[in-house]
Amino acid sequence: EKKPCPLCSEEKYKACYSHKLHRHLLNFHWKVSVEFEGYRMCICYLPCHPVKPNLIGDQTFSKMGAHYHCIICSATITRRTDMISHINRHVNKGETESRFITVPAPKNSHQVLKESATDVRVLPNYSTPQKTDSYFNPKMKLNRQLIFSALAVLAKERTPIECLDAFGATGIMGLQWAKHLRSSVRVTINDCNENSVAMIQENCHLNKMKVKLNTKEDDNDEAMGDGEDNTDTIEVTKMDANVIMHLRSFDFIHLDPFGTTVNYLDSAFRNVRNLGIVSLTSTDISSLYSKAQHVALRHYGCNIVRTEYYKELAARIVIAAVARAAARCNKGIEVLLAVALEHFVLVVVRVLRGPSSADDSARKITYLIHCQWCEERIFQKEGSMLEENPYQQLPCDCHGSMPGKTAVVLGPLWSGALFNAGFLRRMYFESAQYGLDEAQSLLKTLVCEAECTTLKHYSIHASCEETKQEECGVYIKTPNTSPESLVYGLGKRKSDEVTRNANKRQKAENSAEHPAFYYNIHRHSIKGMNMPKLNRFLNYLSEAGYRVSRTHFDPMGVRTNAPLAQFKTVLLKYSTPTYGGGQAEDAEVREEDRSGALAAVFTKDCPPHCAAD
């Protein structure tokens, strides 16, 4: 049966079926409503607030405008901001009693979503962060799966571990941790918003989890829950993220604020335990992806421009900020994972305690010299002495052949590795074990990228202990070693020895690090030539003696240690000219022209002795 909208006139919105009416009420009335003491004043389109008549010719038109009804007085307000100010004036005067019969919003209006066998109840406008307190983004499912895989790997190293979701919102991430990892983790979900804390408690009860409530206003903990069969307990706190990270120590911390994470880095590294993991998700992609360069300079103290490798540049900017924050707390970092996709930049690092580890991490923060003509790039050499001609560090000769200044200095950036191949293999094993399909394909690409190889076939049935030993020997849990003795029972001398072994392992792996940055094959293609398929081009570069792999940063990107000149030479060698069927007689002439162009490029971009050969 068709029903009319109770807040719109029949001329504005005709009667329709219930599912269309429900969608109309959510989009046109609920999303722009004003909340006051548990009630919502929805916008009204009924003819109870006439707009000032407009005189057009001899006719006078009077239409009804959208407005709000104040539940305290009989006023009607047209704008939402004015309605909020109107309610605040009533509150300041002490007038909070309603003159109308108000009806609270029904609880069944909350939609229940399911992700990874975890149910969460969300508000109707859950995907709009400006209009809701409990924001839930379905597009971040891959991000949550990657973080869960990293936590699952850490749970195999030590148990139990204390983990913190500093910005809980709906609590979906912390609920997935507690529901799948069970007694291996002690989950704390924090949020500073009162409505979000109430939503987290409701979602814990929905998943049959016990809740331990802790707020900074009262020190009394309130435990509540009806899950008798399930003994898992989630601690829910209502504090500022900086406050809870200063007060307590954790083994695993995840930061996912709305925007940049630089305001919470100092607190995160202040009390994080040795060999713990800090993961952070930055969603300020407008500044990190060089669309708002002044914001990147203000937040990260970094000078950047738009390049073909801007996503990897964003990841290195975030890691540099993380390394500086850790060094201020006399801690170093080991980068385990760095992912930059369309909506976010995810960085996962392991914390290494000690000033020597902090110094090693700080030395990897340097500047980048970028040529704006050919897109060649190179990290600036270490040292404090000023060079007379910094253009000599670039492999290209654009400065000598082009007028004016051809290069810019970007940074400071992280110049170390972005991936840990052993840790990524263990993440891939955990994602396969828990059925995280979206994370598996990306982790397979990341393992290939970390090792700079085109091999894509990795057995998920390999022994987990072997992958642990490949990753690092100092974190292995042997049968004769108790979990507490791994971290909590380590003395100062033993802890220092573990850190030194980790540093030695890092130095040993530096020679096998993946090449920095990548080239886009379309960006460097030759006009009038058909370039080869990407997989074939990777084989050609590998046959030429270079390390090569694909990259998740760019679907058409190639990560290789080959210089740009050799990259273009191989690309030109295996490109074919574009000509139609009727021009077959000119194929030999075009082939001679291509050979001549190849010789010219090779002579220009290569050293004299190579050109002579």
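The values are calculated or read from the model by the stated rules, or taken from the named source; none is laboratory data. All values derive from a computational prediction rather than experimental measurement. Cβ: placed from backbone, ideal geometry, glycine included. Neighbour counts: every protein chain shown. Quick note on the areas: whole protein, heavy atoms, side chains included, nothing else; ligands and nucleic acids left out. Shrake-Rupley method; radii C 1.70, N 1.55, O 1.52, S 1.80 Å.
As a fraction of the 1.4 Å probe accessible area of region 239-343, surface on carbon and sulfur atoms comes out at 48 percent. Remark: relative contact order (region 518-577) = 47 percent; criterion is Cα-Cα distance under 8 angstrom and separation of 6 or more residues. Taking all protein chains into account, the per residue accessible area for region 518-577 stands at 46 Å² (1.4 Å probe).
How far, in nm, would the chain grow between Glu387 and Arg248 when pulled straight, counting 0.36 nm per residue and subtracting the alpha carbon separation? Fully extending the segment from Glu387 to Arg248 adds 45.3 nm.
For the residue pairs Lys20/Lys139; Lys20/Lys208; Lys114/Lys291, the alpha carbons lie more than 29 Å apart in Lys20/Lys208; Lys114/Lys291.
Arranged from highest to lowest average of other beta-carbon atoms within 10 Å per residue, in what order do the peptides 187-194, 425-432 appear? Show your work: numbers first, answer last.
Details: 187-194: 21.9, 425-432: 24.5.
The densest-packed peptide leads the list: 425-432, 187-194.
A Förster distance of 56 Å, applied to the separation of the beta-carbon atoms of Tyr17 and Gln293, puts the FRET efficiency at 0.65.
Ranking of Glu10, Glu375 by solvent-accessible surface, largest first: Glu10, Glu375 (1.4 Å probe, protein heavy atoms only, all chains present).
A crude spin-label estimate for the pair Lys114 and Glu438, with each label 7 Å from Cα along the Cβ direction, gives 1.7 nm. Across region 241-253, rounded Karplus estimates of 3J(HN,Hα) from the backbone phi angles (6.51 cos²θ - 1.76 cosθ + 1.60, θ = phi - 60°) give 4, 5, 5, 5, 6, 7, 7, 10, 9, 9, 8, 9, 10 Hz, Gly and Pro being marked x.
At a 1.4 Å probe radius, carbon and sulfur cover how many percent of the accessible area of region 518-577?
Heavy-atom surface of region 518-577 belonging to carbon and sulfur, 1.4 Å probe: 47 percent.
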